[in-house]
């Protein structure tokens, strides 16, 4: 190998190392995220939690959502709930975080909160079968709980009516959104009358 080729290889290696160092200096969150994900997939949740926690700030929804998932996997539901709530406050796409927060509430046996979160997520994503299954499971779980002694039958009827009303409202919202999208597509078409 000639000296010119060696010199070019050394220059390329130095440039690559310089770029890596710049990445570490200017974007440490990305690097921590890259290290945390393999820990999470390998079910090494405490190590992943440390890295996710370093990334989490009040305005960083993905980092807080990742932290909430990691805490959930460690059965630390109260902490997971607060991290999910912080993520929800700054998230643009809330359906996945609502789904996760519903799961957290379900594990804490706070079925009414789980139901609210699942319902809100269903309104944002009505085609999600897992979400719908969790919603129905939570409804069944709530119906199996011993209700308060006063107004027993009235309470059951109200819950059933509310569940039906919630589903119908979700379908109405979806239908209205579909209609609006269809109208906007139709209004863009120009009909040639000649």
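The numbers here are math on the coordinates, done by the rules we state, and not lab data. Everything numeric here is computed off the predicted structure, so don't read it as measured data. Heads up, the Cβs are rebuilt from the backbone with ideal geometry, glycines too, and the neighbour counts pull from every protein chain shown.
Just a few scattered comments:
- Here residue 123 and residue 54 are evaluated by their C-beta separation; at R0 = 30 Å the FRET efficiency comes out at 0.30.
- Model label points for residue 180 and residue 26, set 7 angstrom from Cα along the Cα-to-Cβ axis, are 4.0 nm apart.
- The angle between the Cα long axis of helix 111-124 and the longest principal axis of the Cα atoms of the chain comes to about 70 degrees, rounded to the nearest 10.
- Taking 129, 157 and counting other C-beta atoms within 10 Å, the order from fewest to most: 129, 157
- Using a Förster distance of 35 Å, the FRET efficiency for residue 136-residue 37 (Cβ separation, nearest 0.05): 0.65
- The distance from the alpha carbon centre of segment 92-118 to that of segment 59-85 is 12 Å, rounded to a whole number.
- Angle in degrees between helix 61-73 and the longest Cα principal axis of the chain, rounded to the nearest 10: 70
- On Cα atoms only, tilt of 3-26 relative to the major axis of the chain in degrees: 40
- Efficiency of FRET between residue 169 and residue 79 - r from beta-carbon atoms, R0 35 angstrom, step 0.05: 0.60
- Each of the peptides 11-21, 117-127 was scored by the mean count of other Cβ atoms within 10 Å over its residues; in descending order, highest first, they stand as 117-127, 11-21.
- Cα gyration tensor category, rounded, prolate or oblate, for segment 22-92 with a/c compared to 1.5: oblate
- 23 Å tail of the calculated P(r), the chain, as % of Cα pairs: 61
- The Cα atoms of segment 94-143 give a gyration tensor whose axes a ≥ b ≥ c have a/c of 1.5 or more with a/b no greater than b/c, which makes the shape oblate.
- Protection proxy ranking, highest mean first, for peptides 168-175, 3-10: 168-175, 3-10, where packing is the per-residue count of other beta-carbon atoms within 10 Å, averaged.
- Distant alpha-carbon pairs in segment 1-55 (separation over 15 angstrom), percent: 60
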